[in-house]
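Engineer: Encoded as structure tokens, here's the structure I'll be asking about.
Bear in mind these aren't lab numbers, they're just calculated from the coordinates by the rules spelled out. Computed from a predicted structure; not experimentally measured. For neighbour counting, all protein chains shown are included, and Cβ atoms are generated from backbone atoms with ideal geometry for every residue, glycine included.
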């Protein structure tokens with residue numbers, strides 16, 4: 001029941017009715033319907049892999065790109081970099097974030113360069129893994 005209410009919220013259907021329904025739901029049943037922390041963490045990890053794979057696939061289809069930008073931030077004394085690739089499409093300029101949590105080995109440009117190359121290699125590996133899974137799934141289908 002909770003799942004249906006959450007789907008309603010995601011799909012932006014009648015929010016007032018959905019929120020009221022969640023509030024009026026039996027609290028013991030609500031607690032049973034909620035996923036556990038490990039399930040949510042596993043979903044988050046899976047979503048990161050899927051997102052990176054789709055970004056790599058999108059970039060692999062391009063003939064060329066115009067910009068490769070990085071931006072950094074830190075959280076709890078750990079520095080993160082992200083890689084944004086920009087390209088010109090038929091309907092305007094587009095950007096793809098290849099990775100938003102690159103942890104370089106240091107603060108120098110050489111460390112950042114190595115981290116970007118490592119990220120591109122990881123993206124290539126994700127595409128190779130995806131290709132292998134698809135080939136295995138459809139090994140009997142020649143098309």
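Engineer: Within the range 96-143, restricting attention to residues that are in a loop (DSSP other than H, G, I, E, B) and within 20 Å of the chain's Cα centre (by Cα), which residue is surrounded by the fewest Cβ atoms within 10 Å (Cβ to Cβ)? Steps first, answer last, please.
Structural biologist: First, pick out the residues of the range 96-143 that are in a loop (DSSP other than H, G, I, E, B): 103-108, 138-143.
Okay, now just the ones that are also within 20 Å of the chain's Cα centre (by Cα), so 103-104.
Details: 103: 11, 104: 21.
Only one residue fits best here, namely 103.
Engineer: Given the condition part of a strand (DSSP E or B), in contact with a strand residue (DSSP E or B) (Cβ under 7 Å, 6 or more places away or on another chain) and exposed (fewer than 12 other Cβ atoms within 10 Å of the Cβ), answer yes or no: does some residue in the range 61-68 qualify? Show your work before the answer.
Structural biologist: First pass over the range 61-68, keeping only residues part of a strand (DSSP E or B): 67-68.
Of the ones still in play, those that are also in contact with a strand residue (DSSP E or B) (Cβ under 7 Å, 6 or more places away or on another chain) are 67-68.
Cutting the leftovers down to exposed (fewer than 12 other Cβ atoms within 10 Å of the Cβ) gives us 67.
Yes, the range 61-68 has at least one match.
Engineer: Which members of the range 49-65 meet the condition of being without any contact (Cβ under 8 Å) to a residue 24 or more places away in the chain and out of contact with any helix residue (DSSP H, G or I) (no Cβ under 8 Å at 6 or more places or on another chain)? Break it down into steps so the answer makes sense when it comes.
Structural biologist: Filtering the range 49-65 down to residues without any contact (Cβ under 8 Å) to a residue 24 or more places away in the chain leaves 50-51, 54, 61, 63-65.
50, 51, 54, 61, 63, 64, listed by residue number.
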